[in-house]
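Engineer: There's a structure below that I have some questions on.
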Amino acid sequence: MRKLTKKQRQRIIPVRYLYFQIEQKLLRMRWLLPIPTILFISYIVIGGVLVRARNYGLSSNSWDALFSVFGNGNLIFFVLNPLYLYLVSDMFLESGIGQLALLRVGSRRRWWLSKVLILGLAVFCYTGLNVGIVAMTATFVLPWDNSWSQAVLQYPQEFNLNPEALTISSTSAIRWLLLLLSLGWFSMGLLVMCFTLLSNHYLVGFTAGVIANFSGLVALRANLPLPYAYLSIHQHLLFNLHSFGDVITPYPSLPTSIYYWVLWCSILLIVGFKFAHKQDFIHREQ
């Protein structure tokens, strides 16, 4: 058998460490919590979609359920955001066995990269799990269609949609919505990571994420005037608070919100790496 060089061993160890992180941080019972939560939300929201469609005498489809759930600011800020913050809050501190595995990595930079990758995977799993459950639940009672439903075209705000959003297709709209949510959740996860590393306690990171979440909720409820609202996360997390096409509105465009989250990520990645570089990973008594 050919003996591996030092560089080849260094490349293999971070991959194994990433698998170890997946087993330790993602394959846990707490990651089953989104299933009953989103099933209950789907049951309530889809029932509301059916009632509205019947009352209006208009057809509805599965897209209506997706936008009714993931375009609802109350559900996002009261349920989905806090649940996500809870799930990722302790991903960034190492247990005793994690510290021993960390010694094999031999690089703070590779450790930081593995944490960023595991956070990205957590966001992907959380988004996919929630969207998948809502979509599958909706298919039992609502048809799929390539266009907006009659109910949405007549009463878009009843389904958490800005009327100007109907200028783009439903498939494009759901892609933008999920991109905004994914970038927002990834940024909030980085914020939790930075405060966790700074304090060496996951409760501090979780609290920082909760404060950021409910500051966005307060700004949403208070109807913060523009341009101050552009600084709040709610303006860039909720799909219906954007401008679309050539329609002139005070809301930011979708690319503007993408730049907003990219700036968040860039700053937090740099700050988090600085904290990780100074982190004392091995306990003093060890």
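The values are calculated or read from the model by the stated rules, or taken from the named source; none is laboratory data. For clarity, every value in this text was computed on a predicted model and none was experimentally measured. Counting neighbours? That spans all protein chains shown, and the Cβs are built from the backbone with ideal geometry, glycine included. Please note that ligands, DNA and RNA were not included when accessible areas were found on the heavy atoms of the full protein model with its side chains. Shrake-Rupley method; radii C 1.70, N 1.55, O 1.52, S 1.80 Å.
Engineer: Residues to consider are L75, L83, L93; find the one that is part of a loop (DSSP other than H, G, I, E, B), open to solvent by 10 Å² or more (accessible area, probe 1.4 Å) and touching a residue at least 12 places away in the same chain (Cβ under 8 Å).
Structural biologist: Working: L75 fails: part of a loop (DSSP other than H, G, I, E, B); L83 fails: part of a loop (DSSP other than H, G, I, E, B).
Only one candidate qualifies: L93.
Engineer: Across the stretch 211-239, which residue is nearest to the chain's Cα centre (by Cα) among those that are in a helix (DSSP H, G or I) and hydroxyl-bearing (S, T, Y)?
Structural biologist: Step one: of the stretch 211-239, the residues in a helix (DSSP H, G or I) are 211-221, 228-231, 234-237.
Cutting the leftovers down to hydroxyl-bearing (S, T, Y) gives us 215, 228, 230.
On the way: S215: 17, Y228: 23, Y230: 19 Å.
Restricting to residues being in a helix (DSSP H, G or I) and hydroxyl-bearing (S, T, Y), the top hit is S215.
Engineer: Another question, then. Kindly indicate which of E158, E164 is open to solvent by 10 Å² or more (accessible area, probe 1.4 Å) and touching a strand residue (DSSP E or B) at 6+ places or on another chain (Cβ under 8 Å).
Structural biologist: Numbers: E158 fails: touching a strand residue (DSSP E or B) at 6+ places or on another chain (Cβ under 8 Å).
Criteria check complete, one pass: E164.
Engineer: Got at least one residue in the stretch 106-116 being assigned to a helix (DSSP H, G or I), at pLDDT below 90 and closer than 22 Å to L237 by Cβ?
Structural biologist: Scanning the stretch 106-116, I find at least one residue that is assigned to a helix (DSSP H, G or I), at pLDDT below 90 and closer than 22 Å to L237 by Cβ, so the answer is yes.
Engineer: Could you please find all residues in the stretch 196-255 being in contact with a strand residue (DSSP E or B) (Cβ under 6 Å, 6 or more places away or on another chain) and more than 19 Å from L183 (Cβ to Cβ)? First the steps, then the outcome.
Structural biologist: Taking the stretch 196-255 and keeping what is in contact with a strand residue (DSSP E or B) (Cβ under 6 Å, 6 or more places away or on another chain), we get 243, 249, 251, 253.
The answer is T249, and nothing else.
Engineer: With within 30 Å of G57 (Cα to Cα) and not in a helix (DSSP H, G or I) as the only criterion, which of V131, V141 stands out?
Structural biologist: On the way: V131 fails: not in a helix (DSSP H, G or I).
Selected residue: V141, the only one of V131, V141 that is within 30 Å of G57 (Cα to Cα) and not in a helix (DSSP H, G or I).
Engineer: Follow-up. Give the residue that is farthest from L87 (Cα to Cα), with candidates limited to residues of the stretch 26-71 that are assigned to a loop (DSSP other than H, G, I, E, B), open to solvent by less than 60 Å² (accessible area, probe 1.4 Å) and touching a helix residue (DSSP H, G or I) at 6+ places or on another chain (Cβ under 8 Å).
Structural biologist: First, the residues of the stretch 26-71 that are assigned to a loop (DSSP other than H, G, I, E, B): 27-28, 33, 57-61, 71.
Those left that are additionally open to solvent by less than 60 Å² (accessible area, probe 1.4 Å): 58-61, 71.
Cutting the leftovers down to touching a helix residue (DSSP H, G or I) at 6+ places or on another chain (Cβ under 8 Å) gives us 58-60, 71.
Numbers: L58: 39, S59: 37, S60: 34, G71: 21 Å.
Only one residue fits best here, namely L58.
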